[in-house]
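Notes to accompany the following structure.
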Amino acid sequence: MTAITIAIVDDHPLFREGVSRSLSEIDDFVVVGEGASADDATTLAASHRPDVLLLDVSMPGGGIDAISDILARSPQTRVLMLTASEEVESLVAALRRRAAGYVVKGIGSRGLAEAIRTVVGGSRFISPNMRAKVIEKSLFVERTTLTPRELKVIELVAEGLSNKHIARHLNLQEKTIKHHMTVILSKLGATNRTEAAIIWRQGA
C-alpha cells in the first residue's frame, strides 16, 4: 500500500500535535512535516511535496492567501483546509484558490482520514455542515447566473477549448466569444478563464 504523505500547518501547537499523533497512527499515513504559518506552509510544500497539506485559515500570513504559493511550489499537493472558521466566505475563497477541501475542526480522526483519502482520490471534500450553509446562502455559483450562451461558452472553456475553437464550435466570431468571456469573468469574479472554469465547476 502506497503511503499518503501529509503536512500539517496550524499555529496552535497542542492541536497540531494532536492531529499529527492521530494521523500517524493510521498505517498508510505518514506525517512529513509541521508548521505554524503561511511561510512554513510554502516551505513544507517545496521541501516535502506532500500528498496533502492540512492548512488552517487563521494563522500568521493567512492560510487562504498561502494556497496559491503552496500549489505553485507543489502542484500535485492537495490543500485541505482544517479550520475553526465556519464562515461560508472563507470556504468559497479557499475553493476559488483551488483548495481541495474544507474541514471544520471538531471532526474526529476517522472523519479527517476520510477527508484526506477523498481529496487524494481527486474529489473535493467539504464538511456536511458547511455544504448546508453554502446551499442555504446560495454562494456557490449557480448555472442560472449565466445566460444560455454564456453557459455554453464556459462549458467549452472547461473542456479546454480556446476562444478560436469555441467560435468555430458555436458558429460565432472569435471577438464575440471574447466578449462573452469578459462578461463571464465579471459574473464569476474570476481573473482568467482557468479560474472561471474552476469556479463554474464548483457551482455545477
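The values are calculated or read from the model by the stated rules, or taken from the named source; none is laboratory data. Everything quoted here is computed from the prediction, not taken from an experiment. Cβ coordinates were reconstructed from backbone atoms using ideal geometry, including for glycine residues, and neighbour counts include every protein chain displayed. Just the protein is used for accessible areas: all its heavy atoms, side chains included, with ligands, DNA and RNA removed. Shrake-Rupley method; radii C 1.70, N 1.55, O 1.52, S 1.80 Å.
Computed quantities for the displayed model
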quantity	calculated
Phi-based couplings in Hz for the stretch 7-14 (Karplus 6.51, -1.76, 1.60; Gly and Pro marked x)	10, 10, 10, 7, 8, 10, x, 5
Global form of the stretch 2-63, assessed from the alpha-carbon gyration tensor, a/c cut-off 1.5	oblate
Lysines with Cα under 29 Å of LYS175, excluding same-chain neighbours fewer than 8 positions away	LYS152, LYS164, LYS187
Folded to 0 to 90 degrees: helix 193-203 orientation relative to the chain principal axis, Cα	70
Between the stretch 56-133 and the stretch 181-195, the Cα center-to-center distance that results, in Å	23
Within the stretch 33-103, GluC sites (Glu not before Pro) in DSSP loop having at most 16 other beta-carbon neighbours inside 10 Å	GLU86, GLU87
Karplus-derived 3J(HN,Hα), 6.51/-1.76/1.60, for each residue of the stretch 174-180, Hz, glycine and proline x	4, 5, 5, 5, 4, 5, 4
Global geometry of the stretch 149-188, whether rounded, prolate or oblate, following the gyration tensor of its Cα atoms and the 1.5 cut on a/c	oblate
5 angstrom amide H check on ARG78, placed H, neighbours 5+ away	VAL52, LEU53
For the chain: accessible area per residue (Å², 1.4 Å)	50
Scaled radius of gyration (Cα, divided by 2.2 N^0.38 Å) that the chain gives	1.12
The stretch 68-124 shape via C-alpha gyration tensor axes, a/c threshold 1.5	oblate
Under Karplus coefficients 6.51, -1.76 and 1.60, residue-wise ³J(HN,Hα) of the stretch 110-126 in Hz, glycine/proline x	5, x, 5, 4, 4, 4, 5, 5, 5, 6, 5, x, x, 9, 8, 10, 10
GLU159 accessible area, assembled protein chains, probe 1.4 Å, Å²	130
Peptides ranked, highest mean first, by Cβ atoms within 10 Å: ranges 58-66, 4-12	4-12, 58-66
Amide H partners (placed H, <5 Å) of PHE125, local residues excluded	GLY101, TYR102
Within straight-line cross-link reach of LYS178, aspartates and glutamates at Cα separation under 13 Å, skipping those fewer than 8 residues along the same chain	GLU150
Percent RCO, i.e. relative contact order, over the stretch 1-62, from Cα pairs under 8 Å lying at least 6 residues apart	44
Reach of LYS105 by Cα under 24 Å, taken over lysines that are not fewer than 8 positions away in the same chain	LYS133, LYS137
Estimated 222 nm signal from helices in the chain, with DSSP H stretches of n ≥ 4 weighted -39500 (n - 2.57), rounded to 500	-16500 deg cm²/dmol
